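Data block below; observations after.
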2 protein chains.
Amino acid sequence: MEKKLQELKTRLLEINDLNNAAALLSWDQSTYMPPGGAEARGRQMATLGKLAQEKMVDPAVGKLLDELRPYEEGLPYDSDDASLIRVARRTFEQAVNIPPSFVAEFTNHNALSYQAWTEARPANDFNRVRPMLEKTLDYSRQMAEYFPGYGHIADPLINFTDYGMKASDVSAIFAQLRKELVPIVKAITSQEPADDSCLRQFYPQDKQLEFGLKVIKKYGYDFNRGRQDLTHHPFMTKFSLGDIRITTRVHETDLGDALFSTLHESGHAMYEMGINMAYEGTPLANGTSSGVHESQSRLWENIVGRSRGFWDHFYPDLQATFPDQLGKVSLDTFYRAINGVRKSLIRTDADEVTYNLHVMLRFDLEMQMLDGSLSIRDLPEAWQERYENDLGIAAPDNRDGVLQDVHWYAFTIGGVFQGYTLGNILSGLYYQAALKAHPEIPAEINHGKFDTLHNWLRTNLYQHGSKFTAAELTERVTGGPLRIEPYIQYLKTKYGELYKLD
Amino acid sequence: MEKKLQELKTRLLEINDLNNAAALLSWDQSTYMPPGGAEARGRQMATLGKLAQEKMVDPAVGKLLDELRPYEEGLPYDSDDASLIRVARRTFEQAVNIPPSFVAEFTNHNALSYQAWTEARPANDFNRVRPMLEKTLDYSRQMAEYFPGYGHIADPLINFTDYGMKASDVSAIFAQLRKELVPIVKAITSQEPADDSCLRQFYPQDKQLEFGLKVIKKYGYDFNRGRQDLTHHPFMTKFSLGDIRITTRVHETDLGDALFSTLHESGHAMYEMGINMAYEGTPLANGTSSGVHESQSRLWENIVGRSRGFWDHFYPDLQATFPDQLGKVSLDTFYRAINGVRKSLIRTDADEVTYNLHVMLRFDLEMQMLDGSLSIRDLPEAWQERYENDLGIAAPDNRDGVLQDVHWYAFTIGGVFQGYTLGNILSGLYYQAALKAHPEIPAEINHGKFDTLHNWLRTNLYQHGSKFTAAELTERVTGGPLRIEPYIQYLKTKYGELYKLD
């Protein structure tokens, strides 16, 4: 049995290495690759993806998993070996339904589509990517069709990222959340918006980057196992548990963009960096779901990084970094500026309160595209309509409309956006649990110390990697299922105070 | 037959993609990878290497090559299809003798050894890498043993890089060359050395890099298909015919290091960039040998980039870039400085005349290590002895002695160094042929124009990729075999003038 487990691990390691090599090819495509490399790069990533897929669906893997079942069942559910076999089986079952040739085609398509998007967005040219996006929708639907028996066609896609959630679950939670959020947004946006002109001054790129790096070093991001580079769209990527990188972008007339995206991506990265090193090269060495991942990026970006206590500590340092820009701006003004709530166009720039409206709108459009009630041709208009309806504003062009996010141009349509709002909800839930265990956390943050919080997260969430599903983790940490109340309570307390709501 | 050829191409493309992905992993290891990534990176490159090797030695490839033989024999020798099959067969036959598990082990060892070298060299700590180097020698000998029937144990290793050359051929040519070089070196170094203090001033990194990039842009290095990054040791690497990168290093108190390494690597890169794009993804899409490759790096670095005519054009621009450092330095002084001949310690810094003494010394040490007459333990001392003997100087430490070059710490021992001097010889031979066809080339270089030379090289050498062996190319271009006379003539003319020799 020992030998069979070793054989399974060896096979999974090879698959892991192929996938991590593909991840590096993708990182390079977004950071340093010259344009001439695009065509071959798409093909190369497709080749690696196809080989990994072929090796994953090898019947020998299925046979090993079957043979290991009695061994697994004799072990405690949360033992490393049982968990590895269980998660490998889940991955195998998800993979075995998708033909390798489909994976190769789709991967190749995604690379070309991404490249086209990097050109179409600055050119505000939706038509340039429209035929590609139509193919992406076909591919996404086809992908779901490989998993018959779903309730909604999005369910199999959501299963890839937030295993165990169904479109109907998501819709129900989003309905609850929308009901709570709408009155808060309404109450805040009926007031005069916060003055955030202090953030719109000229902030040189190098100093912005330096300050962001200083903060995440204090958070505990390990630069011995990571680095930051510049890309169009910030992301975190991992090539092993020893090499977990983040990227950002800088707007020299917007202090918040690089800083908060850095804090955000560092949260993703610290989750992965906290995984038990013994899991390196196994399917356990990944964050467990899109929602849990996003809970950590949002926790470090917002709950910590936009809190009053955090800036009590860091603002003098920020002022010293930018004396001309912030020397005469009070902490109160700055704190209100970075927490300004407004009806805005760009999801990644949106404040904590309206952010979920951006996400839920995308989720709804995805559901409609997938179930056939919305065509790609009509997508730009539907996008605009939903923005006017949900946020009361319309983008002047597609650049800041339907072209704003990379996701649909580089991945599937469906299965991605829900994780952002699930993550927000979970960030509130987990932070509440951390405070219950360690009421001293806010005082520590106030002194620029993050060890107690980071250690609690590592112990209770990060170290487990994919051992537990999101639902299991949540149950372990909070004693109950996913619920929105702590997140809503967090928003009400913070923004009630800021905007003097009842 | 059409179908069988297509199947062969598909299989070779997959192998090519795996190898190119491994090349990117290696580039990243040398440029941007955080230290924590080293261990997994070694494993990942080993996995890719092993998969590529497995796919190369698949009996189905051998069967296809056999089945395609009649088709190949019915085609002209220099047709694309016949050449592709011929070169694929050569690669297959070289690969099929080496067990995939050996390749994986060796690749993994090389990654760890390279990482150790990057730490051992600055620490001047040969003992840190000695056990690894001993393993490298074992691996190198084992590699050769997979090809029994050799004359010298180095022959199979030389075949990988300079196909068709034997250790005895190389030794014979090197003996001729040494006989010619020794009196030249003696005559020059008996004179007062050229004053190169103008190069040893402070030259800021960014301006150095900028100037180098400006020159290679004029050469015709295509930045749409390439870029330059910083590494410990300069190199050229290729991920496809659309993505051919170079690296350099900068010493701010040595103007020559980054500049001439940039010109050097651009020569390697332009060779690859000039390959017929129709060969992308096939075994034809590579330079044909180490010697031919080096002939191009040395041609662009030395014959062009250190010529009087080149600097007639570029020196005013260099002076304008560094007015404080060079404003009052005459072109004559500068030209003598960059062509100073001296007995020196560092191969990559060595002048054209002594350079080959550095290489031939390494070649001899390799031959001795491989045939067992020199142990790794005795290598540092043997290195010092040879330097004292051949160049009349000794390194103060191992950092600038046996630890100076990356090669033994990242590749095989044997099969690499000979290419450098073969390249020098070929650079003279090919440049003479270019001048015969286009006597206007020196006048064009004098005006900062390189099109005629670059086009001639593209047409006569670059476009063919690996279609012809080095010997075949040389025969096509010069009507005869490799000979040292044009190179010696070039050195005698240039340095005769500079040092007023008879």
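Just need a number here: residues in the stretch A:252-278 that are buried (at least 21 other Cβ atoms within 10 Å of the Cβ) and farther than 20 Å from A:GLY340 by Cβ.
11
Can you tell me which residue within the stretch A:223-236, out of those that are out of contact with any His (no Cβ under 7 Å at 6 or more places or on another chain) and not in a loop (DSSP other than H, G, I, E, B), is farthest from the other protein chains (Cβ to nearest Cβ)?
Taking the candidates together, the pick is A:LEU230.
For B:LEU429, are the conditions met, namely being surrounded by 17 or more Cβ atoms within 10 Å (Cβ to Cβ), within 20 Å of B:VAL353 (Cα to Cα) and modelled with pLDDT of 95 or more? Steps first, please.
On the way: surrounded by 17 or more Cβ atoms within 10 Å (Cβ to Cβ): yes; within 20 Å of B:VAL353 (Cα to Cα): yes; modelled with pLDDT of 95 or more: yes.
Spelling it out, B:LEU429 is indeed surrounded by 17 or more Cβ atoms within 10 Å (Cβ to Cβ), within 20 Å of B:VAL353 (Cα to Cα) and modelled with pLDDT of 95 or more.
Please work out which one of (1) more than 17 Å from the chain's Cα centre (by Cα); (2) within 18 Å of B:ASN124 (Cβ to Cβ) is the condition B:ARG347 fails and give its number.
Every listed condition holds for B:ARG347 apart from (1).
Test A:PRO156 against the stated conditions and say whether it is touching a Phe, Trp or Tyr at 6+ places or on another chain (Cβ under 7 Å) and more than 19 Å from A:LEU379 (Cβ to Cβ).
On the way: touching a Phe, Trp or Tyr at 6+ places or on another chain (Cβ under 7 Å): yes; more than 19 Å from A:LEU379 (Cβ to Cβ): yes.
Yes: the conditions hold for A:PRO156.
Can you give me the number of residues within the stretch B:1-38 that are among the charged types (D, E, K, R), free of Cβ contacts under 8 Å to residues at least 40 places away in the same chain and facing chain A (nearest Cβ under 7 Å)?
So the count comes out to 1.
Collect the residues in the stretch B:394-408 that are loosely packed, with under 13 Cβ neighbours inside 10 Å and touching a Leu at 6+ places or on another chain (Cβ under 8 Å), keeping them in residue-number order.
Matches in the stretch B:394-408: none.
Any idea which of B:TYR420, B:TYR499, B:TYR490 is buried (at least 21 other Cβ atoms within 10 Å of the Cβ), out of contact with any Leu (no Cβ under 6 Å at 6 or more places or on another chain) and among the aromatic types (Phe, Trp, Tyr)?
Details: B:TYR499 fails: buried (at least 21 other Cβ atoms within 10 Å of the Cβ); B:TYR490 fails: buried (at least 21 other Cβ atoms within 10 Å of the Cβ).
Going through B:TYR420, B:TYR499, B:TYR490 in turn, just one is buried (at least 21 other Cβ atoms within 10 Å of the Cβ), out of contact with any Leu (no Cβ under 6 Å at 6 or more places or on another chain) and among the aromatic types (Phe, Trp, Tyr): B:TYR420.
Is it the case that some residue within the stretch A:462-471 is among the polar types (S, T, N, Q), under 30 Å from A:MET369 (Cα atoms) and part of a helix (DSSP H, G or I)?
no
Would you mention how many residues in the stretch A:201-222 are loosely packed, with under 15 Cβ neighbours inside 10 Å and closer than 16 Å to A:PHE334 by Cα?
Of the residues in the stretch A:201-222, 1 are loosely packed, with under 15 Cβ neighbours inside 10 Å and closer than 16 Å to A:PHE334 by Cα.
Report yes if some residue within the stretch B:141-156 is in contact with a His (Cβ under 9 Å, 6 or more places away or on another chain), surrounded by fewer than 17 Cβ atoms within 10 Å (Cβ to Cβ) and assigned to a helix (DSSP H, G or I); otherwise report no.
Scanning the stretch B:141-156, I find no residue that is in contact with a His (Cβ under 9 Å, 6 or more places away or on another chain), surrounded by fewer than 17 Cβ atoms within 10 Å (Cβ to Cβ) and assigned to a helix (DSSP H, G or I), so the answer is no.
Name, by its number, the condition in (1) within 14 Å of another protein chain (Cβ to nearest Cβ); (2) more than 17 Å from the chain's Cα centre (by Cα) that does not hold for B:ILE246.
The one condition B:ILE246 does not meet is (2).
When you check A:PRO122 against the structure, is it of a type outside the set (A, V, I, L, M), away from chain B (no Cβ under 14 Å) and in contact (Cβ under 8 Å) with a residue 12 or more places away in the chain, yes or no?
In short, yes.
Does A:SER79 satisfy the criteria of being farther than 25 Å from B:GLU14 by Cα, more than 14 Å from chain B (Cβ to nearest Cβ), touching a residue at least 60 places away in the same chain (Cβ under 8 Å) and of a type in the set (Ser, Thr, Tyr)? Spell out how you get there, then give the answer.
Values: farther than 25 Å from B:GLU14 by Cα: yes; more than 14 Å from chain B (Cβ to nearest Cβ): yes; touching a residue at least 60 places away in the same chain (Cβ under 8 Å): no; of a type in the set (Ser, Thr, Tyr): yes.
So A:SER79 does not fit the description; no.
Which one is farthest from A:ALA410 (Cα to Cα) among residues in the stretch A:80-138 that are in contact with an Asp or Glu (Cβ under 6 Å, 6 or more places away or on another chain) and surrounded by 17 or more Cβ atoms within 10 Å (Cβ to Cβ)? Can you show your working first?
From the stretch A:80-138, those in contact with an Asp or Glu (Cβ under 6 Å, 6 or more places away or on another chain) are A:82, A:85, A:100, A:124; that's our starting set.
Then keep just the ones that are surrounded by 17 or more Cβ atoms within 10 Å (Cβ to Cβ); that gives A:82, A:85, A:100.
Working: A:ALA82: 34, A:ILE85: 30, A:PRO100: 19 Å.
That would be A:ALA82.
Quick one: which residue in A:LEU48, A:LEU68 is buried (at least 17 other Cβ atoms within 10 Å of the Cβ) and under 18 Å from A:GLY281 (Cα atoms)? Break it down into steps so the answer makes sense when it comes.
Working: A:LEU68 fails: under 18 Å from A:GLY281 (Cα atoms).
Criteria check complete, one pass: A:LEU48.
Quickly run through the stretch A:417-458 and pick out the residues that are among the acidic types (Asp, Glu) and not in a helix (DSSP H, G or I).
If the condition is that a residue be among the acidic types (Asp, Glu) and not in a helix (DSSP H, G or I), then A:GLU440 is the only one that fits.
Mind telling me which of the residues B:LEU370, B:LEU391 ends up being surrounded by 17 or more Cβ atoms within 10 Å (Cβ to Cβ) and modelled with pLDDT of 95 or more?
Unique residue meeting the criteria: B:LEU370.
Quick one: in the stretch B:39-62, which of the residues that are among the hydrophobic types (A, V, I, L, M, F, W, C) and more than 10 Å from chain A (Cβ to nearest Cβ) is farthest from A:LEU25 (Cα to Cα)?
Only one residue tops the list, namely B:ALA60.
Pairs, please: C-beta under 7 Å, at least 6 apart or cross-chain, first residue not assigned by TED's automatic domain parsing to the domain that holds B:GLN418 and in the stretch B:148-165, second aliphatic (A, V, I, L, M) and assigned to a loop (DSSP other than H, G, I, E, B)?
Listed by first residue and then by second, the contacts come to B:ILE158/B:MET165; B:THR161/B:VAL416.
Going by the conditions given, is B:ALA88 touching a Pro at 6+ places or on another chain (Cβ under 6 Å), in the same structural domain as B:GLU39 (by TED's automatic domain parsing) and under 18 Å from B:GLU14 (Cα atoms)?
It is true that B:ALA88 is touching a Pro at 6+ places or on another chain (Cβ under 6 Å), in the same structural domain as B:GLU39 (by TED's automatic domain parsing) and under 18 Å from B:GLU14 (Cα atoms).
Between A:ARG225, A:ARG245, A:ARG249, which is touching a helix residue (DSSP H, G or I) at 6+ places or on another chain (Cβ under 8 Å) and either surrounded by fewer than 16 Cβ atoms within 10 Å (Cβ to Cβ) or at pLDDT below 95 (or both)?
When all the criteria are applied, what remains is A:ARG249.
Of all residues in the stretch A:179-220, how many are more than 23 Å from A:GLN319 (Cα to Cα), outside any helix (DSSP H, G or I) and either within 14 Å of another protein chain (Cβ to nearest Cβ) or of a type in the set (Asp, Glu) (or both)?
Selection size over the stretch A:179-220: 1.
The values are calculated or read from the model by the stated rules, or taken from the named source; none is laboratory data. Note that this is a predicted model, so its numbers are computed, not measured. So basically every Cβ, Gly included, is an ideal-geometry build from the backbone, and we count neighbours across all protein chains shown.
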